[in-house]
Amino acid sequence: MICTIISIILIIVASLFVKFSIAFQKQRKLIASQGGISIRYKHLVDGLLACPGARVIQDNKYIPFINIAGHYKDPIMNDRECGYWSVTIQPVFKFLYIEYKAHNDLEGGIEGGTNAYKKWKFPIDMDQKEILAIVTEEANEWNKFGIFRY
């Protein structure tokens, strides 16, 4: 009796895993056929790359995501880097996840700076201009030396 129940549970779990894997591969192939994340979300990626010093750190074709990062510049001594930021864009089924991480050495004094972390979840078909506007506005609320202020 117990073996039968365990077998049924294992079959259900295995079938869900197979369905998930098939759906994930289908989405991955669709994004790859559209030129990858950097082409599929071109407006969003270009908006982030417009920030001073921004560059693509990682663009993975097997697990579709892109990581864009850069450094903050000291507003008084323009040539000195004073922190870093990164944004990861990853579509997962019906949603586009965006993760923002930042560390700024100028704020916080002796404590060694401040950190910011924010994660957004947008519908996959939402207008990229709207997404970029939301991300830039909220990222700059945390950090007076925000990455989008130049």
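The values are calculated or read from the model by the stated rules, or taken from the named source; none is laboratory data. Quick caveat: nothing in here was measured; it's all calculated off a predicted structure. When we count neighbours, we look across all protein chains shown, and the Cβ atoms used for this are built from the backbone with ideal geometry, even at glycine.
Quick look at the values:
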| quantity | calculated |
| --- | --- |
| Single condition residue 123 does not satisfy, out of (1) surrounded by 14 or more Cβ atoms within 10 Å (Cβ to Cβ); (2) in contact with a Phe, Trp or Tyr (Cβ under 7 Å, 6 or more places away or on another chain); (3) modelled with pLDDT of 90 or more | (1) |
| Every residue from segment 19-41 that is surrounded by 10 or more Cβ atoms within 10 Å (Cβ to Cβ) and either of a type in the set (S, T, N, Q) or modelled with pLDDT of 90 or more (or both) | 21, 25, 27, 34, 38 |
| Lone qualifier among 83, 47 - being at pLDDT 80 or above, more than 12 Å from the chain's Cα centre (by Cα) and surrounded by 14 or more Cβ atoms within 10 Å (Cβ to Cβ) | 47 |
